[in-house]
1. Output ³J(HN,Hα) for the range A:75-85: one whole-Hz value per residue in order, computed from phi by the Karplus curve 6.51 cos²θ - 1.76 cosθ + 1.60 with θ = phi - 60°, and x for Gly and Pro.
2. Would you calculate the separation in nanometres between label points at B:VAL117 and A:HIS71, each defined as 7 Å from the Cα along the Cα-to-beta-carbon direction?
3. Mind checking the log10 I(q)/I(0) for the protein assembly as shown at q = 0.10, 0.16 Å⁻¹? Debye, one equal scatterer per Cα, no solvent, two decimals.
4. How much length is gained on full extension from B:MET45 to B:SER18, taking 0.36 nm per residue of separation minus their Cα-Cα distance?
5. When Lys and Arg each count +1 and Asp and Glu each count -1, what net charge do the other residues less than 9 Å away from A:ILE86, Cβ to Cβ, add up to?
6. Please give, to one decimal in nm, the separation of the simple spin-label points placed at A:PHE9 and B:SER83, each 7 Å out from Cα toward the Cβ.
7. With no solvent and one equal point scatterer per Cα, compute the Debye intensity ratio I(q)/I(0) for the range B:4-66 at 0.15, 0.20, 0.25, 0.29 Å⁻¹ and report its log10, rounded to two decimals.
8. Put simply, what bits of the range A:25-58 lose 30 Å² or more of accessible area when the other protein chains are there, versus the chain on its own (1.4 Å probe)?
Amino acid sequence: GEDVEQSLFLSVREGDSSVINCTYTDSSSTYLYWYKQEPGAGLQLLTYIFSNMDMKQDQRLTVLLNKKDKHLSLRIADTQTGDSAIYFCAESLRSSASKIIFGSGTRLSIRP
Amino acid sequence: GAVVSQHPSRVICKSGTSVKIECRSLDFQATTMFWYRQFPKQSLMLMATSNEGSKATYEQGVEKDKFLINHASLTLSTLTVTSAHPEDSSFYICSGLSGELNNYGYTFGSGTRLTVV
């Protein structure tokens, strides 16, 4: 079945790196995404990775994909207070055209 | 970039009334619109998928007569919660997809917080 799992909480000191992890079960994923949601707001696409890639870097964000283990991670370098939000991992499936499945979200909190 | 404008952002209604939520794609044509529901501190649950000019496809367990979806044009989709009850209180988010934007072109609205009293 389709399932995307994340840990619920992560607390990081300001200036450190944050690493948010995600596992998924469907091997037919085409794209994998990271979205950010601030309180009371919609979702903002942070970055995405195609399933045949291992890594993607975009400024402070680094996405690592281990397709064998079905593991995706998002690393935020030099974490700032403005990074406090819920981060959702999501996958789109080859088997279900255009449909994307979201993880439960990881709430990132920044401590001074 | 692509923008989806969602209104209203917040609405409070009485039990038994209906509420309409609108999502407009401002600078692209949303051939497909997805409607999600999010409970507090939970993930997004897909409710239905609508393609312009055709009937929406609802996910299992979602009442199509209660959550009416209209996608009459490439720039406007609406979700109407009919005969609302307190258990319908939730955060509703739409997401537009354009074929031109390929598979990563999902643009989300800012969400609507519905409270039924």
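The values are calculated or read from the model by the stated rules, or taken from the named source; none is laboratory data. For clarity, every value in this text was computed on a predicted model and none was experimentally measured. All Cβ positions, glycine included, derive from the backbone under ideal geometry; neighbour counts span all protein chains shown. What goes into the accessible areas is simple: the full protein's heavy atoms, side chains included, and nothing from ligands, DNA or RNA. Shrake-Rupley method; radii C 1.70, N 1.55, O 1.52, S 1.80 Å.
1. 10, 10, 7, 6, 4, 10, 4, x, 7, 4, 4
2. Computed distance between label sites B:VAL117 and A:HIS71 equals 5.0 nm.
3. Log10 of I(q)/I(0), two decimals: -0.46, -1.13.
4. 7.6 nm
5. Net local charge, A:ILE86 excluded: +2.
6. Between A:PHE9 and B:SER83, the label points sit 4.1 nm apart.
7. Result of the Debye calculation: -0.60, -1.06, -1.38, -1.35.
8. For the range A:25-58, once contacts with the other chains are taken into account, A:TYR31, A:TYR33, A:TYR35, A:GLN37, A:GLY40, A:GLY42, A:LEU43, A:TYR48 lose 30 Å² or more.
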